[in-house]
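The values are calculated or read from the model by the stated rules, or taken from the named source; none is laboratory data. Every value quoted in this text rests on a predicted model; they were computed, and no experiment measured them. Cβ: placed from backbone, ideal geometry, glycine included. Neighbour counts: every protein chain shown. Accessible surface is based on the protein model in full, side chains and every heavy atom, while ligands, DNA and RNA are left aside. Shrake-Rupley method; radii C 1.70, N 1.55, O 1.52, S 1.80 Å.
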Amino acid sequence: MILRRVARPLLAAIFISGGIGALKDTQGHAKAAEPFLTESFDKLEGVVPESVARDPATLVRIDAAVKVGAGVALAAGKAPRLASLLLLGSLVPTTLAAHRFWEIKEPAERQQQQIQFIKNAGLAGGLLLAAADTAGKPSLGWRARRAASKTEKRAEKLAKKAEKAITK
C-alpha cells in the first residue's frame, strides 16, 4: 500500500539522521548519556552481566548503529515490524537519557526538553503502530487461533468417527 511506502521512510528518517549524528559526535552524546547510564548501571548492579559494555561512547555507537540499521530497514520495508521494535527499544533509553526535563530548573530549557520528550513519546506511538502493522495479513495470533480451532474441529470429527466405529 502506498501509505506504508510513504509513512515508513518518513518515520525512519529521524532515526537514521539521529544515528548518523551520534556517530559523528560520539563523545558529545556519550557525555550527555553518562549520568543516565551510570545511574542505570548502579541500579542494576548484579543484574546486568559484567560482560555488557558500560563505556558510554561504546553504548552510543551501538545505539547509533541500531538506529541507522533499523531505520534503513524500516524505510526499505525490510522486516518493518522487527525494525520498529528495535527503534522503540533504542528510543526509550535515548529519551530518558537526553530529555530529562524534570531535572532542569531554567524554564526555557525545561520547556524545550519537555517538547523533545513529548515528541519522542509521539514517535514511540508511531513505532508501536508500525510494529503492530501486519500489512493487511492476519497476525500470528489470529493464525494460531484459527489453526487451533481447525485442529479442534478435526479432532471432534475424528472422535465422532471413532465413537461410531466402536459402537458398531
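Between residue 101 and residue 23, what length comes free when the chain is fully extended (0.36 nm per residue of separation minus the Cα-Cα distance, one decimal in nm)? Could the numbers behind the result be given before it?
On the way: separation 78, 0.36 × 78 = 28.08 nm, distance 2.43 nm.
Full extension of this stretch gives 25.7 nm more.
Would you mind telling me which residue in 48, 92, 68 has the biggest mean-square fluctuation in a Gaussian network model of the chain, where springs connect alpha carbons within a distance under 10 angstrom?
Of 48, 92, 68, the Gaussian network model singles out 48 as fluctuating most.
Quick one: putting +1 on the C-beta of Lys and Arg, -1 on the C-beta of Asp and Glu, what dipole do you get for the stretch 1-137 around its Cα centre, in Debye to the nearest 20? Write out the running numbers ahead of the final one.
Details: 16 positive and 12 negative charges, 163 e Å.
I would put it at about 780 debye.
Filter 67/119; 31/105; 24/105 down to the pairs with a C-alpha to C-alpha distance above 24 Å, please.
Details: 67/119 17 Å; 31/105 20 Å; 24/105 29 Å.
Over 24 Å Cα-Cα: 24/105.
In a GNM of the chain with a 10 Å cut-off on Cα contacts, which of 43, 150, 119 has the highest mean-square fluctuation?
It is 150.
How big is the Cα convex hull of the stretch 1-137 in projection, averaged over all directions, in nm²?
Working: hull surface 37.4 nm².
Value for the stretch 1-137: 9.4 nm².
Keeping every protein chain present and rolling a 1.4 Å probe, give me the accessible area per residue for the stretch 1-137 in Å².
Working: 8240 Å² over 137 residues.
Value returned for the stretch 1-137: 60 Å² of accessible area per residue.
Mean residue ellipticity at 222 nm from the helices of the chain, using -39,500 (n - 2.57) per DSSP H segment of n ≥ 4 over the full residue count, to the nearest 500 deg cm²/dmol? Let's see the in-between values first.
Numbers: 6 runs with 135 residues, N = 168.
Only helices count here, giving -28000 deg cm²/dmol.
Let me cross-check residue 115: its accessible surface, 1.4 Å probe, with only protein heavy atoms counted, in Å² to the nearest 10?
90 Å²
Along the Cα→Cβ direction, 7 angstrom out, place labels at residue 143 and residue 4. What is the inter-label distance in nm?
1.3 nm
Would you mind calculating the relative contact order of the stretch 17-168 from Cα pairs under 8 angstrom and at least 6 residues apart, reporting the percent as a whole number? It would help to have the intermediate numbers written out before the result.
Details: 105 pairs, mean separation 31.5, N = 152.
Value for the stretch 17-168: 21 percent.
Using only the alpha-carbon atoms of the stretch 40-84 as identical scatterers, what base-10 log of I(q)/I(0) does the Debye formula give at q = 0.14, 0.19 Å⁻¹?
At q = 0.14, 0.19 Å⁻¹ the computed log10 ratios are -0.49, -0.70.
Stick to the Cα atoms of the stretch 123-168, pair each with every other, and give me the Kirkwood hydrodynamic radius in Å at one decimal.
Details: mean 1/r = 0.0736 Å⁻¹.
Final number for the Kirkwood radius of the stretch 123-168 is 13.6 Å.
Quick one: if you stick a label point 7 Å off each Cα along the C-beta vector at residue 53 and residue 13, how many nm between them?
2.9 nm
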